[in-house]
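The next block holds one structure in the form of structure tokens; read it before the comments.
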Amino acid sequence: MTRRVSVLGSTGSVGRSTLALLDAAPPGTFAVEALVAGRDVAALAEQARRLGAATAVLADEAGLPALREALAGTGISCAAGARAVEEAASRPVDWTMAAIVGAAGLRPTLAALGHGGTLALANKESLVCAGAIVLRAAAASGATLLPVDSEHNAIFQALDARQPSQPERIILTASGGPFRNASLEEMAAATPEQAVRHPVWSMGAKISVDSATMFNKGLEIIEAAQLFPVPPDRIDVLVHPQSAVHGLVQYSDGSLLAQLGTPDMRTPIAYALAWPARMEVAVARLDLAALGRLDFFPPDPVRFPALRLVREALSAAGGAPTILNAANEVAVERFLARRLGFLDIARVVETTLDTLGAPAADDLDAVLALDGEARDVARQVADRLALN
Ligand code: NAD
Ligand code: MG
């Protein structure tokens, strides 16, 4: 039976890995309903043609004429703008990949959860800024939410569903990013080029910078606290430069279950695509003998204050995670534009959190308002720290 699928953020790193799996499947396995992208008309049009999508949608309204022209005569319908993105996400399909980057993915993710199919969630920021709302939306429609983030996908696989016992701890591994061994002086002078040059994973610019600051691992602690029945103080982080072990679950009898694999997002994406079965994927197999050793270290709290800020935001509760996420997005954008120093990213986040505290944000309107307010404060803080 053909399964209908949509891919939100199809031109990005996770989006392209998802399309690679759809492409490689036997004809008739999948039919693509909607492909959604931000502003890359040429890439979106090429993908829509190649996969025979029913609809191609761009967030950027200015790109619509070019998209129409690129898809003229194909019968593929085109649309643009934030409303069109949400409309495309809300079309009933069997499976949706949510891989838009940032809080911009929240409304489309909620729209996709509304129709009750399976949602493969890569867009961790939506769980960070509105976790309870996302989970409520899934529960209300009966949608199946499957984590794609490699660590959470690993933990999902290692959670022994047949056992009623709760896990004792979960452990997220982190590669340590490009500045794992850098000095504070080197980090202060880090350029966007250095920060996005990830030693192990090939990813979009925002998550690459998040990996360099370790805010990515911080966002993942919040994501894990939403997804799994484990409180934040029992969610640990270990730096593991080989990125072979993606996540671990510890049980009350001392057992530690882990998922391992090469660092290739096609594996967790395929797991979410085939779940509860498994599909064949042509990724490199992990060769443990060739690897020889697996190293693990605790993260350095001095060079990477992100984890402390995240734990503080989690204990402050309320809308603190929403504020943290929004401030981080602003700071990363400024850093990528060479307007902010690398170490100032955490300073912007900390000052924004200190300024706004942890007001409650229980519904979508409140979350979006707080997200906007946090962005305003973060921009002012970033202006004061600006490089030029
Ligand atoms: P990316 O920057 O490569 O791609 C982002 C995609 O979202 C692009 O298709 C872009 O056009 C689209 N987009 C951006 N703004 C949009 C908007 N307002 N409306 C609609 N579409 C928009 O990012 P990525 O690395 O693929 O990451 C995507 C998400 O997956 C992020 O939340 C990231 O944290 C998460 N994730 C990524 C990886 C990875 O290996 N890349 C791993 C785990 C989790
Ligand atoms: Mg991850």
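The values are calculated or read from the model by the stated rules, or taken from the named source; none is laboratory data. Everything quoted here is computed from the prediction, not taken from an experiment. Counting neighbours? That spans all protein chains shown, and the Cβs are built from the backbone with ideal geometry, glycine included.
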Selection status of Gly28, within 11 Å of ligand 1 (Cβ to nearest atom) and either in contact (Cβ under 8 Å) with a residue 60 or more places away in the chain or surrounded by fewer than 20 Cβ atoms within 10 Å (Cβ to Cβ) (or both) = no
When every residue in region 31-52 that is without any contact (Cβ under 8 Å) to a residue 40 or more places away in the chain and part of a strand (DSSP E or B) is compared, the one farthest from ligand 2 (Cβ to nearest atom) is Ala31
Which of the residues spanning region 363-388 are modelled with pLDDT under 95 and over 28 Å from Arg180 (Cβ atoms)?
-> Asn388
Does Ala111 satisfy being of a type in the set (A, V, I, L, M, F, W, C), within 16 Å of ligand 1 (Cβ to nearest atom) and buried (at least 24 other Cβ atoms within 10 Å of the Cβ)?
-> no
Quick one: which strands (runs of 3 or more DSSP E) sit completely within region 198-313 and have at least 3 residues that are closer than 16 Å to Phe156 by Cα and either within 12 Å of ligand 1 (Cβ to nearest atom) or in contact (Cβ under 8 Å) with a residue 24 or more places away in the chain (or both)?
-> 245-250, 256-260
Output for Cβ contacts, cut-off 8 Å, separation at least six or different chains, first residue closer than 27 Å to Ala258 by Cα in region 139-155, second within 15 Å of ligand 1 (Cβ to nearest atom) and assigned to a loop (DSSP other than H, G, I, E, B), reads Val148/Ala99; Val148/Ala122; Val148/Met265; Asp149/Ala122; Ser150/Pro263; Ser150/Met265
Could you tell me whether Asp60 is over 21 Å from Ala111 (Cα atoms), surrounded by 15 or more Cβ atoms within 10 Å (Cβ to Cβ), within 16 Å of ligand 1 (Cβ to nearest atom) and free of Cβ contacts under 8 Å to residues at least 60 places away in the same chain?
-> no
Do we have Thr18 as in contact with a strand residue (DSSP E or B) (Cβ under 8 Å, 6 or more places away or on another chain), within 16 Å of ligand 2 (Cβ to nearest atom) and closer than 25 Å to Lys206 by Cα here?
-> yes
Could you check, for region 120-133, whether at least one of its residues is more than 10 Å from ligand 1 (Cβ to nearest atom), touching a Ser or Thr at 6+ places or on another chain (Cβ under 6 Å) and either farther than 28 Å from Arg278 by Cβ or without any contact (Cβ under 8 Å) to a residue 60 or more places away in the chain (or both)?
-> yes
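Is it the case that Thr144 is surrounded by fewer than 21 Cβ atoms within 10 Å (Cβ to Cβ) and either within 16 Å of ligand 2 (Cβ to nearest atom) or of a type in the set (Val, Ile, Thr) (or both)?
yes
The rows are residues; the columns are (1) among the acidic types (Asp, Glu); (2) buried (at least 16 other Cβ atoms within 10 Å of the Cβ); (3) more than 23 Å from Val209 (Cβ to Cβ).
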site	(1), (2), (3)
Gln47	no, yes, yes
Ala53	no, yes, yes
Ala56	no, yes, yes
Leu64	no, yes, yes
Leu67	no, yes, yes
Ala80	no, yes, yes
Pro92	no, no, yes
Ile100	no, yes, no
Leu106	no, yes, no
Lone unmet requirement of (1) near ligand 1 (Cβ under 10 Å from one of its atoms); (2) buried (at least 21 other Cβ atoms within 10 Å of the Cβ); (3) closer than 20 Å to Ser126 by Cα; (4) not charged (D, E, K, R) for Ser17 | (3)
Examine region 172-183 for a residue that is in contact with a His (Cβ under 7 Å, 6 or more places away or on another chain), within 11 Å of ligand 2 (Cβ to nearest atom), of a type in the set (S, T, N, Q) and part of a strand (DSSP E or B), and state whether such a residue exists.
-> yes
